[in-house]
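First the structure, in the form of C-alpha cells, and then the observations on it.
The values are calculated or read from the model by the stated rules, or taken from the named source; none is laboratory data. A quick note: this is a predicted structure, and the numbers were derived from the prediction, not measured. Here the Cβ positions follow ideal geometry from the backbone for every residue, glycine too, while neighbour counts run over all protein chains shown.
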C-alpha cells in the first residue's frame, strides 16, 4: 500500500499570529499582576499588619473580665477605721449553662424569697446581652441565703455567686454627709474626662469625701483572662491579676466627738460644727437628720429616693455648709467688734433699754419685753440686749458692719472642699442696689445689727468666725482631711493648715468681746448658763433667729406655734476660755431658743471632748440634759 501523502500546511497569516501573541501577553500580564496583587496582600496582612491581627485574634480567643478593686479605707484622726470594705454576695445567672431555666428560676425564687415575675423581668431585660454574660438576679444576699444556694448548686446550673467588695459602715450613719456615699456611674459621668477609665456599672463616689477623693480611693481593677470558643463560651482560665486596693484617707474628724454630737442631735434637725481654733481642722461635722448610708449600697431604690426628696426635715441637705440661716444674736459679735474697732463706742458707753427703740415710724422691740435698763458693751453681749445693738448699728451704718463681717469670713464660701457650699449673704448699700435696684433704708441697718433682715450665714461660717475671734485673729480654711496613705502605709500626701489672713480688729477689741462671751455662759444673767461645765470655762453666744414675722405668731404659746414657723436656735462657742482649743457651733432648726435648745448640744460635745483628753475613749457619750424654759432666755 503506497504511503499516504503528508498534509499540506496552509500559509499562516502574520496578522492572526500577531493577534494570538498579543492575547497571550495580555493573559500573562493579568496572571502576573494577579499573583503580584495576591502576594502584596499577603505581605500586607501577614507581615506589615501581622502583629495587629495576631492581637485581634488573641482578643477573640481571650476574654478579659475586670475585677472590682477594694476602695481605700476612711479613718478618723486617731487611726480608727470609720469605713472599710466587706464582701458583697450577688446571685447571677448565665444562660449558656442553664438547659432548663424555667425550673431553675422557680427553685431560685423560692430560695431568694422573690416573686418569680421579678426574676423573669430581670432576665428579659438582659436578653439582648450575649449568652455567656451573666445576669444579676439579686444583690447583697445574706449568709443564710448564700449557704442555701451553695448547698443546692448541683440542681441550679447556671446560677453562681458573684463576690464584689462593698462599703462597710462601721459606725452606721455617723458623719454621713461628710463621708458621702457611692452609686453606679451615670451616662453623663462616663462622658467626663475624670471618668475616662471607668465603664458602665462601676461604683463611684457621689457625695462627700467619697466623691472628692475618688481618684485616691478607687484602687486599680484586677483582670481575669479566660479562653473562650468561637461562640464566646468559657473554656479555661489562663491568668488572674488581683486588683490593687485604693489608698486610705485619714480625716481630721474624731469619731467619738462626732458620735457625741450626733447623739445630742438625735431628735433634732440642724447642724453641729467642731473646729480646732488654731488649725482650722474639723473634729466633728454633723448634719441632722443623717443619711442612711446602707440604703445607697448597691444603688438606692426609687421609693427610698422619693422619700428622701419629700422629707420636710431635708436629710439630703448638708446643713453645715448648705443651710443658710439668719445668724440672729450671734451676729452681735460682729457689730460689737466693728463698733469698738471703729471708735463708735467705748466699752463703758451705755444705752438705755426700756424694751424697745422707736426709729422713724416703727417700733423695734427687744427680746426682753421689760427691757434691760442701762447697759454697757459687756452686759449687752452677756444678756443679748437688742436695743443696745440697734443703737450701735445706727452709728456704724450697714457698710461698716458688712466690712467687718466679710473680714470674719461671713458672706462668702469658706473654701472647704465639699461640694455645693453656700456663701450666705452679708447685705450692704451696693448689694441691695445690685440685687433689688433699690436704695438702702436706714431702718434696715437695725435689723442687720442683730443678725436679722437680709443676713444669712452657714454653721461652718459661724464656727470659723468664732475660731478666728479667739485664736488671735487668724482666719483658717476649714480642713477635713489630714493625710492620704498607700495600702502599705506609705504617706502619699499631707494637708497643712491654710491661713487666709487676719481679721479686722485689735487684740484689745478681741479680748473685750471674748471676756463678754465667757460671761454669756458663766454670769448670772447670761443667756447660756445651761452650757456651764464644772471644770471647764466656756465662752459663747446664743441666738434666736426669726423664721416668720412676729405678728404671724403673736399671742400663741410656744407649743401652739406650728413647727415650721418656730424660730431657729443658735449657739456658737469656744473652750477652754483661758487658752481656747476648739470652737463649737450648734444650729437647731425651729429650736426656738439658743440657750435651752442649742446650748445643751454644745455642752454634750464639750463634755465628751474633755473626757477624750483624759483618755476616756470608747465610752458612750452622755446625752445632753433636758432644760426647762428660762423666762429670761433669748
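Counting only residues that are under 23 Å from residue 266 (Cα atoms) and in contact with a helix residue (DSSP H, G or I) (Cβ under 9 Å, 6 or more places away or on another chain), region 300-313 holds 4 of them.
Between 25, 76, 115, 51, the distinction of being at negative phi, exposed (fewer than 10 other Cβ atoms within 10 Å of the Cβ) and at pLDDT 70 or above belongs to 51 only. Pairs linking a residue in region 291-313 that is under 14 Å from residue 176 (Cβ atoms) to a residue that is assigned to a loop (DSSP other than H, G, I, E, B) and modelled with pLDDT under 85, with Cβ atoms under 9 Å and 6 or more positions apart or on different chains, are 295/301; 297/139; 297/140; 308/300.
Take residue 183 and decide whether it is assigned to a loop (DSSP other than H, G, I, E, B) and either without any contact (Cβ under 8 Å) to a residue 60 or more places away in the chain or touching a helix residue (DSSP H, G or I) at 6+ places or on another chain (Cβ under 9 Å) (or both). For residue 183, the condition - assigned to a loop (DSSP other than H, G, I, E, B) and either without any contact (Cβ under 8 Å) to a residue 60 or more places away in the chain or touching a helix residue (DSSP H, G or I) at 6+ places or on another chain (Cβ under 9 Å) (or both) - is not met. Residue 170 meets all of the listed conditions (1) more than 30 Å from residue 248 (Cα to Cα); (2) surrounded by fewer than 18 Cβ atoms within 10 Å (Cβ to Cβ) but one, namely (1). From the list 587, 537, the lone residue that is closer than 30 Å to residue 342 by Cβ, at pLDDT 95 or above and over 29 Å from the mean Cα position of the chain (by Cα) is 537. Candidates in region 512-532 are the residues that are surrounded by 14 or more Cβ atoms within 10 Å (Cβ to Cβ) and out of contact with any helix residue (DSSP H, G or I) (no Cβ under 6 Å at 6 or more places or on another chain); of these, the one that is nearest to residue 577 (Cα to Cα) is 518. Hey, any hits in region 357-365 for a residue that's in contact with a strand residue (DSSP E or B) (Cβ under 7 Å, 6 or more places away or on another chain) and assigned to a loop (DSSP other than H, G, I, E, B)? Scanning region 357-365 turns up no residue that is in contact with a strand residue (DSSP E or B) (Cβ under 7 Å, 6 or more places away or on another chain) and assigned to a loop (DSSP other than H, G, I, E, B). Can you spot a residue in region 262-271 that is within 19 Å of the chain's Cα centre (by Cα), over 22 Å from residue 493 (Cα atoms), in a helix (DSSP H, G or I) and at pLDDT 95 or above? Within region 262-271, one or more residues are within 19 Å of the chain's Cα centre (by Cα), over 22 Å from residue 493 (Cα atoms), in a helix (DSSP H, G or I) and at pLDDT 95 or above.
Does residue 283 fit the bill of being part of a loop (DSSP other than H, G, I, E, B), buried (at least 21 other Cβ atoms within 10 Å of the Cβ) and under 19 Å from the mean Cα position of the chain (by Cα)? No: the conditions fail for residue 283.
Can we say residue 373 is touching a strand residue (DSSP E or B) at 6+ places or on another chain (Cβ under 6 Å) and either farther than 28 Å from residue 472 by Cα or in contact (Cβ under 8 Å) with a residue 24 or more places away in the chain (or both)? The answer is no for residue 373. At least 1 residues that are loosely packed, with under 15 Cβ neighbours inside 10 Å in each: list the strands (runs of 3 or more DSSP E) lying fully within region 454-511 that qualify. The strands (runs of 3 or more DSSP E) meeting that bar are 491-494, 499-502.
Residue 338 passes every criterion in (1) buried (at least 24 other Cβ atoms within 10 Å of the Cβ); (2) in a strand (DSSP E or B) apart from (2). When every residue of region 196-217 is checked against the conditions, at least one turns out to be closer than 22 Å to residue 485 by Cα, at pLDDT 90 or above and assigned to a strand (DSSP E or B).
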